[in-house]
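Written below as structure tokens is the structure these notes are about.
Any read-out appearing in this document is the output of simple, stated calculations on the displayed coordinates, not a laboratory observation. As the structure is a computational prediction, the values presented were derived from the model and not from experiment.
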């Protein structure tokens, strides 16, 4: 069975034309060789990362240019390069919105995983934006594991504010279960919407139901 990353690469390669596949192979080889880069300037893989948008050309019959092709190539490049926290932060800071989304989506795939003090500022920055694609990417599995409760709850509310489906929130059921503070925030938001004559999103009702489910930890009997 293919790993998720192997599946990503296979799925990408079958969609690219021959020149783009050749570029991808070279770019991934450069990324894997990152520890041996000693020359001045950016390592080659970072230049490939920026160029992916114009280098990922779909094969004949695959339709017009697809942003998802470049995004997948960037995720693969990040995994191959496995940049440290400082390099990851620099890349994100100077990236375009599509490039930032790829960085956020790649957090799950980096080996070793980036330490929270390096990666969480990127997640938090995305959640401060109003770009729905960045917000959705920020609340993936990495955030589900590492984002603190306060920031995570506000991420859920940010989805409701901006119309991002809560299906984008990784670990929603697990983290919302028995969360009384999230329940309070959702209830207050629903009241505000109702008072303003605006519809309450169905997603909000679903999340509120999840908070009413007692967590396994809280339902466990106390030790005698």
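Please work out, to two decimal places, the log10 of the ratio I(q)/I(0) at q = 0.15, 0.18, 0.21, 0.22 Å⁻¹ from a Debye calculation in which every Cα of the stretch 97-224 carries one identical scatterer.
Each listed q maps to, in turn, -0.72, -0.96, -1.19, -1.26.
Relative contact order for the stretch 97-224 using alpha-carbon pairs under 8 Å, separation at least 6, rounded to a whole percent?
Worked out over the stretch 97-224, it gives 20 percent.
Nearest 10 degrees is fine. How inclined is helix 44-55 to the longest principal axis of the chain, computing both from alpha carbons?
Long axis of 44-55 versus the principal axis of the chain: about 80 degrees.
Compute and list, largest first, the equivalent-ellipsoid semi-axes of the chain from the alpha carbon gyration tensor, each √(5λ) rounded to a whole angstrom.
37, 20, 16
How far, in nm, would the chain grow between residue 193 and residue 90 when pulled straight, counting 0.36 nm per residue and subtracting the alpha carbon separation?
Gain on extension, residue 193 to residue 90, equals 33.2 nm.
For the chain, what does the helix formula give at 222 nm: sum of -39500 (n - 2.57) over DSSP H segments with n ≥ 4, over the residue count, nearest 500 deg cm²/dmol?
-19500 deg cm²/dmol
Taking 8 Å as the Cα distance limit and 6 or more residues as the minimum spacing, I'd like the relative contact order of the chain as a percentage.
Relative contact order here is 13 percent.
Specify the angular offset, from 0 to 90 degrees and rounded to the nearest 10, of the alpha carbon long axis of helix 18-32 from the longest principal axis of the alpha carbons in the chain.
With rounding to tens, the tilt is 80 degrees.
Compactness ratio of the stretch 97-152: Cα Rg over 2.2 N^0.38 Å, N = residue count?
1.00
Taking the Cα atoms only, what angle lies between the long axis of helix 97-106 and the longest principal axis of the chain, rounded to 10 degrees?
On a 0 to 90 degree scale, this one is about 80.
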